[in-house]
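The values are calculated or read from the model by the stated rules, or taken from the named source; none is laboratory data. A quick note: this is a predicted structure, and the numbers were derived from the prediction, not measured. All Cβ positions, even for glycine, are placed from backbone atoms using ideal geometry, and neighbour counts span all protein chains on display. Side chains included, ligands, DNA and RNA excluded: accessible areas come from the protein's heavy atoms. Shrake-Rupley method; radii C 1.70, N 1.55, O 1.52, S 1.80 Å.
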Amino acid sequence: CCVVSSCFRAGEEEQQAQSKKALKKQQKEAEKAAKKAEKQAKLVSVRQETPVVFDVFSLRLCLSLSWIEADRPLVRVQDLTPEKAEQQIWVRARIHTSRAKGKQCFLVLRHQQFTVQALLAVGDRASKQMVKFAANLTKESIIDVEAVVKKVEQKIESCSQQDVELHVERIFVISQSEARLPLQLEDAVRPEGEGDEVRKVDLIIINLHRNLNTTTSQAIFRLQSGICQLFRDTLINKGFVEIQTPKIISAASEGGANVFTVSYFKTSAYLAQSPQLYKQMCICADFDKVFCVGPVFRAEDSNTHRHLTEFVGLDIEMAFNYHYHEVMDSITDTMVQIFKGLCDRFQTEIQTVNKQYPSEPFKFLEPTLRLEYKEAVAMLKAAGVEMGDEEDLSTPNEKLLGRLVKEKYDTDFYVLDKYPLAVRPFYTMPDPNNPKYSNSYDMFMRGEEILSGAQRIHDAQLLTERAMHHSIDLEKIKAYIDSFRYGAPPHAGGGIGLERVTMLYLGLHNVRQTSMFPRDPKRLTP
């Protein structure tokens with residue numbers, strides 16, 4: 001009996017011991033769960049506070065995954081003015097430069113072409129660790145900062161926002177850049193004349209994804225967008241209709257050999273050199289005034305400063321009542337309205353580009369200066385150039401003529417009218433008063449051609465005769481000629497290169513600087 005009682009007590013003690021262990025284990029698990037819940041609650045709190053989770057004093061980064069829809073407004077860098085002094089704001093920008101000095105860190109923040117200085121200083125709102133953390137952030141990282149806008153006594157010459165700076169209180173990393181950059185932006189925006197310009201352009205194109213971040217590139221392509229908008233707005237106000245034309249076609253647009261051939265199922269097709277045929281078909285269908293904006297392809301092995309194998313064409317075609325000068329005047333007025341609009345709306349962009357590439361302001365006359373080809377040849381001959389009356393202008397002679405016109409008429413924009421018929425395409429209407437010349441014209445900016453245009457032959461019989469004169473295979477252009485057999489109004493037009501207009505308006509020296517993703521005989525990427 002005693003033995004049984006002892007065994008019972010031993011079993012009871014063992015059960016109690018196991019119960020205590022289980023209780024301790026449950027308590028530990030409950031404490032662990034509580035800590036986990038507290039940590040999760042903190043994480044949710046941070047998520048609600050900012051769209052990015054970031055441990056401020058470490059480089060552990062979680063990308064923004066659109067957890068929440070925050071209503072916290074972000075102020076643009078360009079809007080940071082003295083009127084916002086003493087306001088507490090949030091700004092999102094890139095780190096352009098950073099410099100640590102004692103217990104302070106100076107950042108230059110950049111968004112698009114605008115920059116502002118930001119200051120972090122050890123004090124009530126920023127710890128020593130936070131300042132150190134900010135100083136170690138890599139250039140080009142995208143950050144959100146909460147800061148107070150402060151007026152400055154002395155202008156900050158190195159920033160676009162010269163009258164204010166930001167006193168940073170909090171900082172979050174949105175996207176961290178790698179430390180080693182393929183192209184330093186300081187090199188990309190170094191003023192013209194410092195270094196090999198040709199090599200610089202090549203280097204910039206190779207690292208195009210980086211160069212597009214520069215303040216200069218931002219300004220160039222925003223101004224270029226403005227050219228397109230002004231082109232459209234002006235023509236629509238003049239009663240033009242915008243059309244879209246095919247870029248894959250069955251025959252060369254202009255009957256030449258400089259076309260890209262592409263495989264098209266069981267046959268071959270071509271990339272359009274021009275939308276001209278389709279513009280003219282619309283005129284024949286009584287649209288009267290049409291324009292289009294789109295890519296143009298030229299398979300020309302030209303590695304010059306002004307040629308691309310793909311560019312954006314701004315094309316115009318218009319029926320006229322009595323004389324092709326009606327069309328020419330409409331086009332020149334459109335260009336003048338573009339120049340005025342750029343001057344009025346894009347001064348910030350123009351000044352930004354001029355800091356790196358200084359140039360004289362673009363000048364133009366109203367009405368636009370119009371010279372006949374004979375007058376231009378006479379001016380060149382008077383300047384010592386030897387050339388025939390019906391000889392086409394070479395590139396050096398174009399530039400020289402531009403300088404002569406500027407000296408004599410004080411304009412960078414002008415028209416040359418009445419080109420020799422021999423140097424124009426077969427579809428150009430001959431001059432009724434002199435068979436050696438034609439009803440054709442070119443327009444120039446700073447001595448370089450930006451538009452080639454003419455009155456088109458709208459009579460099928462005359463068009464056939466002119467094609468035969470140029471030894472063109474009539475079968476290849478049959479569809480083009482046939483489009484004029486059923487009544488076609490007299491009309492004229494022309495095509496403008498967007499990138500070239502941008503380059504010359506800003507006084508740049510390479511069309512690749514004004515093509516966002518340039519294509520030339522040596523470049524097919526990015």
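In segment 411-446, of all residues being among the charged types (D, E, K, R) and within 30 Å of ASN510 (Cα to Cα), the one that is most open to solvent (accessible area, probe 1.4 Å) corresponds to ARG446. Each residue in segment 281-318 was checked for being over 21 Å from the mean Cα position of the chain (by Cα), within 20 Å of PRO521 (Cα to Cα) and in a strand (DSSP E or B), and 0 pass. Residues of segment 498-526 that are modelled with pLDDT under 95, more than 14 Å from the chain's Cα centre (by Cα) and not hydrophobic (A, V, I, L, M, F, W, C): HIS509, ASN510, ARG519, ASP520, PRO521, LYS522, ARG523, THR525, PRO526.
Each residue in segment 91-106 was checked for being of a type in the set (D, E, K, R) and either in contact (Cβ under 8 Å) with a residue 60 or more places away in the chain or in contact with a Ser or Thr (Cβ under 8 Å, 6 or more places away or on another chain) (or both), and 2 of them qualify. Count of segment 209-241 residues, restricted to those that are open to solvent by 20 Å² or more (accessible area, probe 1.4 Å), of a type in the set (A, V, I, L, M, F, W, C) and in a helix (DSSP H, G or I), is 3. Pairs meeting the criteria (first residue in segment 423-444 and under 22 Å from ASP333 (Cβ atoms) and assigned to a loop (DSSP other than H, G, I, E, B), second residue of a type in the set (D, E, K, R) and open to solvent by 10 Å² or more (accessible area, probe 1.4 Å), beta carbons under 6 Å, at least 6 apart or on different chains) are ASN439/ASP431. Residue count for segment 469-518 satisfying the condition of being open to solvent by 20 Å² or more (accessible area, probe 1.4 Å) and in a strand (DSSP E or B): 1.
Answer yes or no: is there a residue in segment 278-287 that is hydrophobic (A, V, I, L, M, F, W, C) and without any contact (Cβ under 8 Å) to a residue 12 or more places away in the chain. So far as segment 278-287 goes, yes, one or more of its residues are hydrophobic (A, V, I, L, M, F, W, C) and without any contact (Cβ under 8 Å) to a residue 12 or more places away in the chain.
Could you please let me know if TYR409 is more than 30 Å from the chain's Cα centre (by Cα) and in contact (Cβ under 8 Å) with a residue 60 or more places away in the chain? It is false that TYR409 is more than 30 Å from the chain's Cα centre (by Cα) and in contact (Cβ under 8 Å) with a residue 60 or more places away in the chain. Among the residues of segment 354-372, the one identified as in a loop (DSSP other than H, G, I, E, B), in contact with a Ser or Thr (Cβ under 9 Å, 6 or more places away or on another chain) and among the charged types (D, E, K, R) is LYS363.
Mind checking whether some residue in segment 369-386 is surrounded by 12 or more Cβ atoms within 10 Å (Cβ to Cβ), under 20 Å from ASP431 (Cβ atoms) and of a type in the set (Lys, Arg)? Yes: one or more hits.
Does VAL152 meet the test of being farther than 22 Å from LEU212 by Cβ and either open to solvent by less than 40 Å² (accessible area, probe 1.4 Å) or not aromatic (Phe, Trp, Tyr) (or both)? So VAL152 passes the test. Looking at ALA93, ALA85, ALA70, ALA118 in this structure, which one is modelled with pLDDT under 90 and of a type in the set (A, V, I, L, M, F, W, C)? Unique residue meeting the criteria: ALA70.
Of the residues that sit in segment 86-107 and are of a type in the set (Gly, Ala, Ser) and surrounded by 14 or more Cβ atoms within 10 Å (Cβ to Cβ), which one is farthest from GLN176 (Cα to Cα)? Looking at residues that are of a type in the set (Gly, Ala, Ser) and surrounded by 14 or more Cβ atoms within 10 Å (Cβ to Cβ), I get ALA100. The number of residues in segment 403-422 that are among the acidic types (Asp, Glu) and outside any loop (DSSP other than H, G, I, E, B) comes to 2.
Of all residues in segment 464-496, those that are among the hydrophobic types (A, V, I, L, M, F, W, C) and closer than 29 Å to PHE240 by Cα total 7. Filter segment 447-468 down to residues that are touching a Lys or Arg at 6+ places or on another chain (Cβ under 8 Å), touching a residue at least 60 places away in the same chain (Cβ under 8 Å) and buried (at least 20 other Cβ atoms within 10 Å of the Cβ), then give me how many there are. So the answer is 1.
Hey, can you tell me all the residues within segment 481-526 that are among the aromatic types (Phe, Trp, Tyr) and in contact with a Pro (Cβ under 8 Å, 6 or more places away or on another chain)?
Result: PHE517, single match.
For ILE143, the requirement of being among the hydrophobic types (A, V, I, L, M, F, W, C), open to solvent by 20 Å² or more (accessible area, probe 1.4 Å) and outside any loop (DSSP other than H, G, I, E, B) is not met.
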